[in-house]
Amino acid sequence: MSTSTYDSNETGATLWRDGRPVYDRGDTVCVIGAGASGLAAIKNLREYGFGVDCYERETGVGGVWNWRHDRSPVYASTHLISSKPFTQFPDYPMPDSWPDYPHHSRLLSYLERYADHFDLRPHIWFGTEVVRVERAEGERWDVTTRSAGGHGVERTHRYAAVVVANGHNWSPKMPSYEGLEEFTGKIVHASEYKDTTLLRGKRVLVIGAGNTGCDIAVEAAQSAAKCWHSTRRGYWYAPKYLRGRPADQINDAVLALRLPLRLRQWLLHRTLRLSVGDLTRFGLPEPDHKVYETHPIVNSQLVYYIGHGAITPVPDVVRFRWNSVELAGGEEIEPDVVVLATGYLPRFEFLAPDLLDVDGSGRPKLHLHAFVPGAPTLAVAGLLQPDSGVFPLVHWQTVAIARWLRLRETAPHKAEAFTAEMVTGAGRRWTRANLKDSSRHWFEVNHTDYLRALQRTLDKLEPVT
Ligand SMILES: Cc1cc2nc3c(=O)[nH]c(=O)nc-3n(C[C@H](O)[C@H](O)[C@H](O)COP(=O)(O)OP(=O)(O)OC[C@H]3O[C@@H](n4cnc5c(N)ncnc54)[C@H](O)[C@@H]3O)c2cc1C
């Protein structure tokens with residue numbers, strides 16, 4: 001654990017809250033989480049002159065990309081699905097020698113090098129979990145932590161601002177099928193899936209057509225005795241390469257033309273029809289929506305293994321019985337293992353739900369998915385699901401957060417306009433497509449629309465000299 005900023009600044013228990021001592025950290029900003037988003041937040045806040053204390057419940061940086069972490073949902077075969085130039089931080093490129101779609105171990109090494117290059121580790125308190133973030137006077141925050149094992153005493157520090165970067169891909173979204181409890185086969189959520197050991201020689205049902213569900217179905221195709229892949233609807237499956245280029249780079253080139261949405265959709269439909277073909281031939285349902293209306297699925301192998309008969313596409317699950325699963329249409333199958341690739345939900349258990357204006361389904365209402373109306377010194381970083389890589393967006397998002405916090409001090413009049421914008425902009429979507437109503441799309445953004453919006457925000461938050 002690092003010592004520098006913390007010990008030298010801790011002045012003792014100068015304040016009290018509910019009979020507990022509160023250590024005042026002055027103008028320091030607290031960052032929660034040292035995954036990609038937390039690291040970018042520390043770096044950019046430091047560049048804008050802030051002292052930073054980051055708390056990380058694990059013992060290393062990297063978040064989901066550190067697959068040894070308790071809550072990392074990354075599995076042995078995970079490779080990026082967004083290509084390298086669209087995934088790297090703009091101020092810290094990945095090595096030229098790396099492939100278009102690096103393995104997860106390289107992503108971890110990249111984030112570790114990023115932390116070292118910008119000397120971020122001295123600001124991080126590893127093995128320390130944030131358990132409560134509560135309002136204090138003057139728009140400041142009391143952050144209570146304890147050691148991640150759940151042992152040890154709780155300690156509370158008072159901060160000028162808090163940036164939440166706790167990730168949204170770790171808390172499983174569990175489906176509620178009738179009869180699930182009585183099923184005697186093995187059921188795991190994709191978050192527990194690490195490698196094919198679980199699948200080898202078994203009859204496997206994978207539920208869910210997200211990128212993880214498709215990846216696991218492909219792994220089952222190569223190791224299981226049988227693989228059924230259940231999806232609720234037909235989807236557009238993009239290959240990793242189109243005309244020899246990573247698919248997201250082709251998509252970006254199309255977006256750069258600034259064509260109307262309908263024309264872009266027509267172009268992509270045509271491209272996919274020509275490259276992937278008509279998937280109904282393979283027994284997959286016809287998509288019931290246009291491209292861009294669901295999160296892109298990027299997988300070159302799924303159709304290949306369906307064509308080989310190693311994956312059997314099946315419709316939605318209706319109910320479970322003690323040894324079987326009934327599918328829509330009445331067919332009954334008998335899997336030994338069921339993998340629920342049903343996604344994740346965001347969780348902010350250390351914050352009162354009203355702070356992020358979280359609705360009954362758990363969805364927060366923020367401006368630019370980052371700024372909190374009514375709590376100007378609280379921000380969220382990385383709550384994004386783009387059609388490209390996350391890191392460049394998080395980089396500019398955290399620059400905007402740092403600029404905003406600085407502007408509040410240096411030019412409060414200029415900052416006022418943005419406070420109003422937070423309220424009017426809260427909950428706005430950053431994609432023109434009519435997205436399917438699903439928690440999977442809560443944070444979906446078109447990366448060019450979102451980056452343009454961030455650019456406008458950065459201009460408004462330009463520091464006053
Ligand atoms: C299988 C998979 C494949 C993916 N593929 C891609 C891809 O191809 N391209 C892409 O751009 N993105 C991809 N992603 C998305 C990925 O989540 C982001 O790239 C990015 O790593 C998110 O970083 P983050 O810091 O926001 O969250 P995380 O990586 O989840 O980090 C959050 C950190 O906060 C810590 N934390 C949480 N709660 C607390 C607390 N209470 N106290 C202290 N610490 C806490 C956690 O321990 C963790 O280290 C993929 C994700 C998965 C799961």
**Complete:** Ranked from fewest to most other Cβ atoms within 10 Å of their own Cβ, 206, 423, 339 fall in the order 423, 339, 206
**Cα-centred dipole magnitude for the chain, charges only on beta-carbon of K, R (+1) and D, E (-1), debye, nearest 20** = 1060
**Fill in**
The computed P(r) of the stretch 186-340 puts the percent of Cα pairs beyond 24 Å at 36
**Asked** Relative to the first principal axis of the alpha-carbon coordinates of the chain, what is the inclination of helix 247-256, with its axis defined by its Cα atoms, in degrees from 0 to 90 and to the nearest 10?
**Response** 60
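Give the whole-number value, in cubic angstrom per residue, of the convex hull volume spanned by the C-alpha atoms of the stretch 117-276. Can you show the working numbers first?
Details: hull volume 44.9 nm³, N = 160.
Measuring per residue, one finds 281 Å³ for the Cα hull of the stretch 117-276.
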**Helix 261-275 axis, angle to the chain major axis (alpha carbon atoms, nearest 10°)** = 50
**Item:** Area projected by the alpha carbon convex hull of the stretch 109-159, averaged over all directions, nm²
**Value:** 4.8
**Item:** Rounded to 10°, Cα long-axis angle of helix 412-425 versus longest principal axis of the chain
**Value:** 30
**Prompt:** Per the Kirkwood formula on distinct C-alpha pairs, the Rh of the chain is how many angstrom?
**Reply:** 23.6
**Asked** Just going by the charge dipole of the chain, with Lys and Arg at +1 and Asp and Glu at -1 on Cβ, which of 85, 366, 148 is farthest out on the positive end?
**Response** 85
**Prompt:** Residue farthest toward the positive end of the dipole of the chain, with Cβ of Lys/Arg at +1 and Asp/Glu at -1: which of 166, 287, 343?
**Reply:** 287
**Check: the stretch 186-340 dipole with +1 on Lys, Arg Cβ and -1 on Asp, Glu Cβ, in debye** = 480
**Gap separating the Cα centres of the stretch 229-299 and the stretch 47-100, nearest whole Å** = 27
**Prompt:** Can you give the charge dipole size of the stretch 344-465 about its Cα centre, rounded to the nearest 20 debye, using +1 on the beta carbon of Lys and Arg and -1 on the beta carbon of Asp and Glu?
**Reply:** 220
**Prompt:** Counting only Cα, what are the radius of gyration and maximum Cα-Cα distance Dmax of the stretch 195-238, in Å?
**Reply:** 10.3, 30
**Request:** Express in nm, to one decimal, how much length is gained between residue 17 and residue 465 on full extension, taking 0.36 nm for each residue of separation and deducting their alpha carbon distance.
**Result:** 157.5 nm
**Prompt:** Sorted by packing (mean other beta-carbon atoms within 10 Å per residue), highest first, where do 124-136, 370-382 land?
**Reply:** 370-382, 124-136
**Complete:** For the stretch 1-147, the charge dipole (Cβ of Lys, Arg +1; Cβ of Asp, Glu -1; about the Cα centre) points to a positive end, and the Cα of 95, 65, 19 closest to that extreme belongs to 65
**Prompt:** Can you work out the FRET efficiency for the pair residue 182 and residue 411, with r the C-beta to C-beta distance and R0 = 45 Å, to the nearest 0.05?
**Reply:** 0.10
**Prompt:** Which whole-number percentage describes the relative contact order of the stretch 186-340, with Cα contacts under 8 Å and a sequence gap of 6 or more?
**Reply:** 36
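Read-outs: derived from the displayed coordinates by stated rules, not from any lab. The structure displayed is predicted, hence computed values, not measured ones. Ideal geometry is used to build each Cβ from the backbone, glycine not excepted, and the neighbour counts take in all protein chains shown.
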